[in-house]
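No value in this document is a laboratory result; all are computed from the given coordinates. These numbers were taken from a predicted model, which means no experiment stands behind them. Cβ atoms come from the backbone with ideal geometry, glycine included; neighbour counts cover every protein chain shown.
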Amino acid sequence: MELGWIHPGSLSKQKRSRGGEYHQLSYRHGGKGHTKYVRPEDVPEVMQELENYRRFRELTRKWVELEIESAKLRRDGGKSKRNSTGKKQGRTR
């Protein structure tokens with residue numbers, strides 16, 4: 001599977017006060033917000049990068065879920081350990 005180029009954020013169409021429209025890419029990175037103007041000829045490519053990023057995030061979210069489940073199964077067979085009285089063992093809060 002190949003995702004291609006990725007970019008976080010969203011693309012919006014803005015209106016100019018003098019008339020006309022332009023596209024704007026907005027995203028957060030490194031704790032800061034960023035906004036970039038996008039040329040009309042670059043809009044399809046940017047849209048694909050945004051979709052690829054959404055797909056990347058979804059795939060990594062699923063991967064982490066599977067890794068957590070795998071760790072549970074490796075460590076205790078997916079069951080919580082209980083002592084001789086039937087109570088769960090481990091640290092209490």
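Here the range 1-49 was treated as a single set of alpha-carbon atoms; its pair distances binned every 10 Å from 0 give 23, 48, 24, 4, 1 percent. In the range 10-76, the ratio of gyration radius to Kirkwood radius, Rg to Rh, stands at 1.26 when only Cα atoms are counted.
Could you compute the FRET efficiency for V64 and I6, with r as their C-beta to C-beta distance and R0 at 22 Å, rounded to 0.05?
Numbers: r = 17 Å, r/R0 = 0.79.
Efficiency, from the Cβ-Cβ distance: 0.80.
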